[in-house]
Amino acid sequence: MPILMCPPTHFGVVYEINPWMHVASPVDPRRATDQWEALRATYRDLGAEVVLADPVPGLPDMVFTANAGVVWGDRVVLSRFRHPERQGEERPWRELFAHRGMRVLDTGGIPFEGAGDALFVGDSLVCGYGFRSDRAAIPLVARALGVDVVELELVDPRYYHLDTCFCALDAGTILFVPTAFSPASRERVRRLAGRVIEVPDGIAAGFACNAMAIGDVVVSSEAIEGLSDELRQAGYRVLGLPMGEFMKSGGGVRCLSLPVPEITAGARSGEPAG
Ligand code: ARG
């Protein structure tokens, strides 16, 4: 599947909606562009196609395409952003998905932040709730996509999206940060796959879990290098990229990337999920 990315033309930290964001430590636009271009080049070198969204002025977090929605086959459940600062993204994302010929569903106004909080492990959708997505959105999303779900409660505000503390490299291999989850959810993750790698906070806070597996390569921020031994045993090699400018906004490699189906003819939109 091609990977949807959005150029960081209008990216910046101009509001604070998570504990990583500080308007007092602004983004260096040149460095952000270099980091983003390096990620794009990495995907290309690994043989993954990248498709681009048009960045919109005044929507600095549009660069985080993972938050556009959650994709399954030709369906997408569009995000409903928790914070008004990001709600302006909903329309361009709806238009983009419809233009690509996808079937666009939504949660009818219930907060839900797409692949930031909803990740597939095999055919099961693993959903995080507690900060950005409401628990009430999860059954609607499951019904809209026709999939089984696993619900996980997030409890550490630094790991406000599931993709900051959980990553399924394949159906049998998961990375996760135990302290980011309630005790019951933590146990649930430990039973989700044959190999569950527990990532210490010191590595996870460098956005190591915010990773994309492309074949046998785990692309992430530089902090992933701290997991290279465990990942080698799991059959993967790591590729760590500087992501510092995006980490200032609370994001890393996974947040900047959304696998989407190939474009198809025809366009549909607007069916409520419920
Ligand atoms: N500044 C963005 C926000 O707080 C970062 C989003 C990161 N995306 C992600 N998929 N974790 O909403």
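Numbers at a glance
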{"read-out": "Residues Ser124, Ser249, Ser133 arranged by fewest to most Cβ contacts within 10 Å", "value": "Ser124, Ser249, Ser133"}
{"read-out": "Electrostatic dipole magnitude of segment 199-252 [Cβ: Lys, Arg +1; Asp, Glu -1; Cα centre; debye, to 20]", "value": "100"}
{"read-out": "Tensor-based shape of the chain (alpha-carbon gyration tensor, a/c under 1.5 rounded, otherwise prolate or oblate)", "value": "rounded"}
{"read-out": "Exposure proxy ranking, count of Cβ atoms within 10 Å, fewest first, for His161, His83, His22", "value": "His22, His83, His161"}
{"read-out": "Relative contact order [Cα under 8 Å, 6+ residues apart], segment 194-248, whole percent", "value": "31"}
{"read-out": "Relative exposure of Cys127, Cys255, judged by other C-beta atoms within 10 Å (fewest first)", "value": "Cys127, Cys255"}
{"read-out": "Share, in percent, of DSSP beta bridges within the chain that are antiparallel, nearest 5", "value": "45"}
{"read-out": "Three-way shape label, segment 1-95, alpha-carbon gyration tensor, a/c 1.5", "value": "oblate"}
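Only the coordinates and a few stated rules stand behind these numbers; no lab work does. Predicted, not measured: the structure shown is a model, and the values here were computed from it. Note: ideal-geometry Cβ built from the backbone for every residue, glycine included; neighbour counts use all protein chains shown.
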